């Protein structure tokens with residue numbers, strides 16, 4: 001069965017998702033809870049997608065949206081250097097958490113989850129592709145998600161089943177977003193926690209290195 005624009009848009013309808021999942025994904029009331037390490041480290045029902053040693057001295061958590069240009073810039077310009085210098089050398093563990101800002105970002109995140117399942121390197125490869133094709137994703141989301149899904153070995157039916165027919169994945173992504181907004185005060189993307197310290201906005205490699213190096217010595 002082909003994915004038509006009508007079924008695709010229906011699948012991405014915020015009203016429809018909220019009705020099915022019993023959540024209100026884009027409207028939150030921030031509370032006054034303090035951020036604790038346990039709250040920051042809390043993974044959602046889908047589990048965290050992470051690269052690097054579990055024993056690393058430094059943990060970086062990124063909240064990002066697949067349609068956020070600053071997130072794409074970080075992934076293209078900053079993340080590769082962090083990966084080669086700190087993640088691949090066992091010094092940093094890097095966790096990526098979805099914080100979709102719109103319906104298209106939610107669909108793209110769901111596709112990455114479906115394709116990767118529990119394979120973190122595959123997941124990071126898919127989001128890297130999606131970020132590199134972000135202009136296409138925002139201008140023609142249906143064609144781009146279909147193309148990336150097929151490149152990953154999915155049929156159109158499998159893509160449709162993921163984007164439209166798997167509410168558990170959508171709910172898992174939205175639950176993480178809600179926890180981040182309400183409890184951790186994440187209100188923009190990209191948003192990072194470096195060993196629990198919040199870092200907001202697009203950040204250079206040098207800025208991250210200044211945060212990481214003292215933590216490695218402590």
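The table that follows gives values for the structure above.
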quantity: From 65, 109, 84, residue being surrounded by fewer than 19 Cβ atoms within 10 Å (Cβ to Cβ) and at negative phi; calculated: 84
quantity: Failed condition for residue 47, given (1) surrounded by fewer than 19 Cβ atoms within 10 Å (Cβ to Cβ); (2) outside any helix (DSSP H, G or I); (3) touching a strand residue (DSSP E or B) at 6+ places or on another chain (Cβ under 9 Å); calculated: (3)
quantity: Helices (runs of 4 or more DSSP H) enclosed by the range 56-150 - at least 2 residues per element that are under 26 Å from residue 185 (Cα atoms) and touching a helix residue (DSSP H, G or I) at 6+ places or on another chain (Cβ under 6 Å); calculated: 69-77, 103-116, 120-132
quantity: Complete set of residues in the range 109-128 that are modelled with pLDDT of 95 or more and more than 19 Å from residue 160 (Cα to Cα); calculated: 119, 120, 121, 122, 124, 125, 128
quantity: Some residue of the range 163-170 being buried (at least 19 other Cβ atoms within 10 Å of the Cβ) and within 14 Å of the chain's Cα centre (by Cα); calculated: yes
quantity: Only one of 216, 184 that is surrounded by 13 or more Cβ atoms within 10 Å (Cβ to Cβ) and at negative phi; calculated: 184
quantity: Hits in the range 116-126 - residues which are closer than 18 Å to residue 159 by Cβ and either surrounded by fewer than 22 Cβ atoms within 10 Å (Cβ to Cβ) or touching a strand residue (DSSP E or B) at 6+ places or on another chain (Cβ under 7 Å) (or both); calculated: 116, 117, 119, 122, 123, 125
quantity: Residues of the range 151-160 that turn out to be outside any loop (DSSP other than H, G, I, E, B) and either surrounded by 15 or more Cβ atoms within 10 Å (Cβ to Cβ) or in contact with a strand residue (DSSP E or B) (Cβ under 8 Å, 6 or more places away or on another chain) (or both), as a count; calculated: 3
quantity: Among the candidates 34, 72, 50, residue that is modelled with pLDDT of 95 or more and closer than 26 Å to residue 215 by Cα; calculated: 50
quantity: Residue pairs meeting the criteria (Cβ under 6 Å; at least 6 apart or on separate chains; first under 15 Å from residue 97 (Cβ atoms), in the range 33-44; second surrounded by 14 or more Cβ atoms within 10 Å (Cβ to Cβ) and modelled with pLDDT under 90); calculated: none
quantity: Index of the failed condition, residue 27 passing every other in (1) closer than 24 Å to residue 203 by Cβ; (2) surrounded by fewer than 13 Cβ atoms within 10 Å (Cβ to Cβ); (3) modelled with pLDDT under 95; calculated: (1)
quantity: Flag for residue 199 being touching a helix residue (DSSP H, G or I) at 6+ places or on another chain (Cβ under 9 Å), buried (at least 16 other Cβ atoms within 10 Å of the Cβ) and part of a strand (DSSP E or B); calculated: yes
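The values are calculated or read from the model by the stated rules, or taken from the named source; none is laboratory data. Predicted model, so just to flag it, every value in this text is computed and none were measured. As a convention, Cβ positions derive from the backbone with ideal geometry for all residues, glycine included, and neighbour counts pool all protein chains shown.
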